[in-house]
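Remarks on the structure that follows.
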Amino acid sequence: MGLILALAAIIFFGLGYWFAYGNLGRKRNSSVAARERKFHQSSQEGDSKDGNEES
């Protein structure tokens, strides 16, 4: 009986780990990509503003 419970616990936590890191990882990576994109866009806007002020 204890062996069955141990196997069920391993399967349960294994699936939970896989599900959490699979879905949240995708969301986390996409949000990081969005932040990087926003940062690069704002830095390019800042560079173009700096270039216009120097002229």
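The values are calculated or read from the model by the stated rules, or taken from the named source; none is laboratory data. Computed from a predicted structure; not experimentally measured.
The table below lists the values:
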read-out: Unique match (being modelled with pLDDT under 75 and in a helix (DSSP H, G or I)) among GLY16, GLY51; value: GLY51
read-out: Selection count, the stretch 23-48, where residues are modelled with pLDDT under 75, among the small types (Gly, Ala, Ser) and within 25 Å of the chain's Cα centre (by Cα); value: 4
